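A quick write-up on the structure given underneath.
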Amino acid sequence: MQRFDIAIIGGSLSGAAVAHHLKALGFSGSVVLIERDPAFLRAATSLSAAGIRQQFSRIENIRLSQRTLGFLRALGAQRVSLREQGYLILSSAAGRDTHRAACAVQAEAGADIEWIEAGRLQARFPWLDPEGLSAGSFGMTGEGWFDPHALRSLLRDQAKAAGVVALTGTVSGLREAVGGWRITLADGVVLDAARVVIAAGPQSGDVAALAGVALPVEPRKRTVFVFSSRGVPATLPLVADPSGVWFRPEGARFLAGWSPDDADDARAADEDFGPDWALFEDVLWPALAHRVPAFEAVKLETAWVGHYDTNAFDHNAIIGPLGAGGLFAVTGFSGHGVQQAYAAGEACAALMLGLEPPVDVSAFMFARIAAGRPFLERNII
């Protein structure tokens with residue numbers, strides 16, 4: 001039987017970030033990174049739209065994304081295909097006050113965000129129809145999208161070069177044992193670890209349940225549509241409409257998606273990766289054509305489905321200890337994982353080593369869930 005000092009369940013971006021930072025912070029013990037799908041074909045990271053933004057309503061979320069942004073910039077934009085084309089978040093009269101308050105928090109955090117009244121939106125963005133809008137906020141720098149595959153590969157490669165063991169397997173058992181935790185894999189392999197980090201994305205709740213911990217993280221289905229259209233510049237930002245529809249350019253094409261209200265957003269079946277084609281015609285296309293008249297003529301080309309690792313309690317990340325001895329988590333990002341996992345993994349690694357994290361993650365601790373105190377973020381896309 002193999003024994004490790006730390007076992008990380010989930011080898012995609014979150015798990016790779018923890019492993020990378022443990023070694024970067026000087027941890028000399030043994031670390032194993034367990035991943036059920038080393039090709040990452042259905043990983044949330046692989047199927048993400050890969051945005052990064054600072055337009056959150058809570059400064060804690062802004063700081064996590066800023067920490068990742070700083071790392072991406074230090075790597076160099078070309079290395080991770082970082083495109084800082086901005087986010088344009090639009091609000092109706094009903095959402096204006098909440099929107100304005102969020103912009104004040106962003107300004108406090110040093111984010112480069114411009115507030116734009118409705119009367120100036122079309123002059124600034126000629127392709128936009130401002131009907132029904134009260135205002136918009138535009139991230140002039142520090143927002144856009146990047147290649148999460150490149151970031152994950154970099155962190156995994158650096159972790160393995162530092163001695164982290166990569167193991168392929170599906171965890172089927174997790175229980176406390178003498179001196180830590182016993183992990184059983186579906187193929188019968190058993191290993192022990194003094195401490196365990198659950199970073200299994202949408203399956204994190206299921207993994208935690210094996211250990212008797214109620215972690216409210218589950219898969220939620222999201223379809224991303226790819227379409228083409230003429231007359232809209234490829235330089236436009238990611239646009240978040242009050243309808244809940246978002247869109248952005250991707251090369252010569254465009255991506256678009258939509259997140260339903262909680263009441264209509266049930267747990268996804270683990271094998272459900274079939275696009276909801278009717279969503280485009282029924283929900284997205286009407287909203288797209290309303291906001292951008294040129295989108296009245298589009299060609300739907302393809303679509304893909306990803307699963308959010310959704311924290312059903314409050315839609316924010318869970319970072320740090322889970323209450324059971326030696327059990328930690330980095331999960332539940334609810335769509336923010338690609339932009340926050342690097343910093344969250346760093347914070348978790350620091351906490352495990354008794355160090356002060358460079359970003360305060362106390363608001364993301366599991367204790368809030370046990371106490372019934374949701375951490376509310378208003379800017380959910």
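The values are calculated or read from the model by the stated rules, or taken from the named source; none is laboratory data. Model, not experiment: these values are computed from the prediction. Note that each Cβ is placed from the backbone with ideal geometry, even for glycine, and that neighbours are counted across all protein chains shown.
Worth a mention:
- Members of region 213-264 that are touching a residue at least 60 places away in the same chain (Cβ under 8 Å), more than 30 Å from E176 (Cα to Cα) and not in a strand (DSSP E or B): S229, R230, G231, V232, P233, T235, L236, P237, D241, P242, S259
- The number of residues in region 192-202 being surrounded by fewer than 20 Cβ atoms within 10 Å (Cβ to Cβ) and farther than 17 Å from L22 by Cβ comes to 1.
- Filter result for V359 (under 21 Å from the mean Cα position of the chain (by Cα) and part of a loop (DSSP other than H, G, I, E, B)): yes
- Pair list, Cβ under 7 Å, 6 or more apart: region 157-177 residue exposed (fewer than 15 other Cβ atoms within 10 Å of the Cβ), other residue aliphatic (A, V, I, L, M) and in a helix (DSSP H, G or I): G173/L210
- Test: W304 is part of a strand (DSSP E or B) and over 22 Å from A17 (Cβ atoms): yes
- Exactly one residue out of G337, G332 is of a type in the set (G, A, S) and on the phi > 0 side of the Ramachandran plot, and it is G332.
- Cβ-Cβ under 6 Å pairs, at least 6 apart or on other chains, region 121-132 side within 11 Å of P233 (Cα to Cα), far side modelled with pLDDT under 95: W127/V232
- Scanning region 72-87 for residues that are assigned to a helix (DSSP H, G or I), surrounded by fewer than 16 Cβ atoms within 10 Å (Cβ to Cβ) and not basic (K, R) yields A74, L75, A77, Q78.
- Any hit, region 172-179, residues being not in a strand (DSSP E or B) and not aliphatic (A, V, I, L, M): yes
- Pairing residues of region 50-66 that are in a loop (DSSP other than H, G, I, E, B) and charged (D, E, K, R) with residues that are modelled with pLDDT of 95 or more and crowded, with 24+ Cβ neighbours inside 10 Å, at Cβ distances under 6 Å and at least 6 apart in sequence or on separate chains, gives R53/Y87; R53/E143.
- Some residue of region 28-35 being farther than 23 Å from S172 by Cβ, over 15 Å from the mean Cα position of the chain (by Cα) and in the same structural domain as Q339 (by TED's automatic domain parsing): yes
The rows are residues; the columns are (1) outside any strand (DSSP E or B); (2) in contact with a His (Cβ under 8 Å, 6 or more places away or on another chain); (3) surrounded by fewer than 16 Cβ atoms within 10 Å (Cβ to Cβ).
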position: I89; (1), (2), (3): no, yes, no
position: G95; (1), (2), (3): yes, no, no
position: A102; (1), (2), (3): yes, no, no
position: A111; (1), (2), (3): yes, no, no
position: E114; (1), (2), (3): no, no, yes
position: L133; (1), (2), (3): yes, no, no
position: S137; (1), (2), (3): no, yes, no
position: R152; (1), (2), (3): yes, no, no
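- Considering only residues in region 295-311 that are surrounded by fewer than 16 Cβ atoms within 10 Å (Cβ to Cβ) and aliphatic (A, V, I, L, M), the one that is farthest from the chain's Cα centre (by Cα) turns out to be A297.
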